[in-house]
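The values are calculated or read from the model by the stated rules, or taken from the named source; none is laboratory data. None of these values were measured; they are calculated from a predicted model. Using ideal geometry, Cβ is built from the backbone for each residue, glycine included, and neighbour counts are taken over all protein chains shown.
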Amino acid sequence: MPNKKSSTQNYTLDIAFTNSKRHLELQLICETSSSKLTFSPTNIQREIRIGQTADMSILWDDMLSKIKPIETKMSINNSGNASANIKYAHIVLVNGRQKMLSSTFLMKPDQLWLKPSQESTIQFQYYAVDLRDFSSIVNLKSNSSETLLNIPYYLKFKLPILQTTPHALFDIGLINFGKSYKSFILLHNIGQISLRIDTTESVIRQSFVKSLPLQHSQQPVSINHPIGIDPGQQS
């Protein structure tokens, strides 16, 4: 009968001899080998701040005119006594949608084999199509578990968002030659970090318009004199 202990089982086999009183016992010790995986970090939480042009240039691919893949590394260690196989399964969004397009989220390498006491690094690549926050669970398949392994993956984008009133059209009525006109615009930062506005030039398409300056608090707006608006503030 087996004697059950965690991953070890002992079996006793009785051996009898014909025409003999001799009796032997053969003991078999069976030990189960299993892999044990640990992840570092255990979850991915990354904040991306875009407050200046330089921040966006790091994120934007000018050649392809799209956002560069957002790359995050994670190390996996096999502390068990058997080899482990890890494979990317799919990603599940927190709102319940499952199986996004494979071109949107990748794991490199997409499959990994770890020997006992071996450690390796994988890289997640998220191909964002916009700058909205991204909350998800990455599912991995492995022979170390009967169920899918879950890796929380969160991306948070912090950036200023400009809201104007009016939104697009400024109606100043009939333009008379030789007169100046003023039109007021309300600027509201509904984003999460400070907003900065400056101008380098104004595009004037009518020859009778001499200049079209943007002015704030009696000071013309320029690179040297930008408008600064904190989150939730108006100007």
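May I ask you to verify whether Leu59 is free of Cβ contacts under 8 Å to residues at least 12 places away in the same chain and surrounded by 12 or more Cβ atoms within 10 Å (Cβ to Cβ)? Judged against the criteria, Leu59 is a match.
Out of all the residues in the stretch 10-32, which are part of a strand (DSSP E or B) and of a type in the set (Phe, Trp, Tyr)? Correct list: Tyr11 only. Contact annotation: residue pairs with Cβ atoms under 8 Å, 6 or more positions apart or on different chains, pairing a residue in the stretch 27-44 that is closer than 18 Å to Glu119 by Cβ with a partner that is surrounded by 10 or more Cβ atoms within 10 Å (Cβ to Cβ) and at pLDDT below 80, are Ser34/Ser7.
When we screen Ile50, Ile44, Ile76 for residues that are touching a helix residue (DSSP H, G or I) at 6+ places or on another chain (Cβ under 6 Å) and assigned by TED's automatic domain parsing to the domain that holds Tyr154, the only hit is Ile50.
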